[in-house]
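The values are calculated or read from the model by the stated rules, or taken from the named source; none is laboratory data. Every value quoted in this text rests on a predicted model; they were computed, and no experiment measured them. All Cβ positions, even for glycine, are placed from backbone atoms using ideal geometry, and neighbour counts span all protein chains on display.
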Amino acid sequence: MNSDWLERLRAGEPRVVARAISAVERGGADARTIITALFRFTGRAHILGVTGAPGTGKSTLVNEIAKHYRRRGHRVGIVAVDPTSPFSGGALLGDRLRMQDLSGDGGVFIRSMATRGSLGGLAAATADAVKVLDAAGFAIVLIETVGAGQNEVDIARNAHTTLVVEAPGMGDDIQAIKAGIMEIADLLIVNKADHDAANATMAALEMNLNLKPKLENDWRPPVLKTIATTGEGVATVVEWIGKHRAYLETNRRLETRERARARAELELVVQRELMARLRRGLNGTRIEALVEQIAARQVDVYTAAEKLLG
Amino acid sequence: MSERPIRVLVAKPGLDGHDRGAKVVARALRDAGMEVIYTGIRQTPEMIAEAALQEDVDVVGLSILSGAHRDLFPRIVEQLKQKQLDDVVLVCGGIIPDDDIPAIKQMGFAGVFGPGTSTQDIAAFIRAQVARKRGARTA
Ligand code: B12
Ligand SMILES: Nc1nc2c(ncn2[C@@H]2O[C@H](COP(=O)(O)OP(=O)(O)O)[C@@H](O)[C@H]2O)c(=O)[nH]1
Ligand SMILES: [Mg+2]
């Protein structure tokens, strides 16, 4: 990239933003240079996580939420994550399909991202892509996760406000509760409220919330109904996002949360770097020899690992 | 640094509702290890260029069976140029009369694929084209 890339990125030039996201996705030295340079311009965006099972209407809802913020004059960045096929390494990224209303609006930037093998509903570079959008001046950044239903705690770590989307009549009313996704919700959304079963889903969620011991001053996630296809109820969702932001801004909660996020991110990067260094240091032929020995039942994995590392 | 997966935008310009072929191609390219952004039907030239820009794709693939390519393709090429995306690999498929192919290639399309083309051939063609472009860029 040219030397003036940072200025152009901060001005929100789409080509530079797009290229920067590709670079952080690819990783390596370029990614590091980019993040190092733009880091001091981050921390301004309000980051919204949107998660829930596939088909619950996350993309459609993101489209509507983005339209609301646009009407208020905020620039909106969107990162939509879909799974990479473990077999082919390819991915079908279809979230844009539901975000067509936003096209032609220079104040919106949508990027589809494949998980490229990382677990937990986000791609390894999602946090960095969000930083790129943040530095590029997008006041609201929406992250749509894979929505595998499990192991989605990553999103709560990356977002200021996490929206968990449920839909009635998908046979998964209890699914989210089981998977522990309730714990990460700041807002619970029952989308597809045009379906009859919506009220039952609302009641199930409310009941579940009531089971949780309530601490004083604790945030109690509201359970909100939406029809994403018509936009009904979305204004209320946006209102609650504002309330949650205000909640975070009192009693230094935001700072606490940022610190927890920084810690988790630092640990992750250290872990990744250690693994990379270790891999570089490991002797390939030695690994192969140990693999042979394990397969031949001459040595167990623990002893083999010990031999490699020790 | 590892090579990134090839990123392809598959779009259906205009009012043409025949989306079976586009979906078949999108899935096949995914199965060939590519990251495919599928935008669906009813895309204007502006929407296609904007998506290609934001998604930083290597390839833009257009599917059209209605005959409107004569009007739409030049406008799409123009939009891509305006956004300085002249280096993306352009391919297309659908119902495209043989007589139109020379003009389409002239516009900058690397490949035109009609009914019955094997999707493996399409994937192989795209892979070769992208390898050439990437080679040219780093050289
Ligand atoms: C199925 C079909 C339909 C279905 C579409 C279902 C759907 N959702 O897709 C229905 C019944 C809805 C339909 C409706 C109409 N159809 Co129709 N339809 C067909 C038919 C029989 C097959 C198309 C198909 O799905 N093929 C299977 C797929 C897999 O093949 P494909 O799309 O060609 O894709 C391959 C290649 O072309 C290439 N490819 C395609 N896209 C891309 C993209 C990229 C990037 C690449 C690299 C390659 C590539 O790779 C694919 C794999 O080999 C064709 C005739 C034909 N033989 O093609 C007529 C045809 C396309 N239809 C036609 C017409 C006229 C219509 C209607 C206007 C009819 C009417 N009067 O109402 C409507 C219009 C609908 C609309 N909204 O646009 C005409 C178009 C004439 C023209 N272009 O001049 C055709 C050619 C029939 C004919 N001979 O007259 N149709
Ligand atoms: N009836 C109804 N359908 C909806 C609603 N919201 C989304 N959908 C549809 O549900 C399907 C999946 O939506 P999508 O946003 O792609 O879900 P995602 O997989 O969670 O991102 C699409 O066909 C949408 O049109 C809603 O409120 N009511
Ligand atoms: Mg989606």
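Structural remarks
- Restricting attention to segment A:27-59, the residues that are within 14 Å of chain B (Cβ to nearest Cβ), free of Cβ contacts under 8 Å to residues at least 40 places away in the same chain and not small (G, A, S) total 3.
- Scan of segment B:18-55 for residues that are touching a residue at least 40 places away in the same chain (Cβ under 8 Å) and either more than 20 Å from B:A123 (Cβ to Cβ) or within 16 Å of ligand 2 (Cβ to nearest atom) (or both), ordered by number: B:H18, B:D19, B:A51
- Unmet criterion (only one of (1) closer than 14 Å to A:A80 by Cβ; (2) surrounded by fewer than 19 Cβ atoms within 10 Å (Cβ to Cβ)) for A:I21: (2)
- Elements of type strands (runs of 3 or more DSSP E) contained in segment A:65-147, each with 3 or more residues being more than 9 Å from chain B (Cβ to nearest Cβ): A:76-82, A:140-144
- Scoring B:G61 on the criteria (1) more than 11 Å from chain A (Cβ to nearest Cβ); (2) over 12 Å from the mean Cα position of the chain (by Cα) leaves a single failure, condition (2).
- Some residue of segment A:59-77 being crowded, with 18+ Cβ neighbours inside 10 Å, on the phi > 0 side of the Ramachandran plot and either among the hydrophobic types (A, V, I, L, M, F, W, C) or away from ligand 3 (no atom under 16 Å from the Cβ) (or both): no
- Exclusive hit being more than 25 Å from A:V164 (Cα to Cα) and either touching an Asp or Glu at 6+ places or on another chain (Cβ under 8 Å) or small (G, A, S) (or both), set A:A304, A:A246, A:A228: A:A304
- Single match in B:S2, B:S66 (criterion: at pLDDT below 95 and either more than 14 Å from the chain's Cα centre (by Cα) or under 24 Å from A:Q100 (Cβ atoms) (or both)): B:S2
- Residue within segment B:122-134 that is more than 16 Å from ligand 3 (Cβ to nearest atom), exposed (fewer than 15 other Cβ atoms within 10 Å of the Cβ), away from chain A (no Cβ under 13 Å) and within 17 Å of B:V25 (Cβ to Cβ) present: yes
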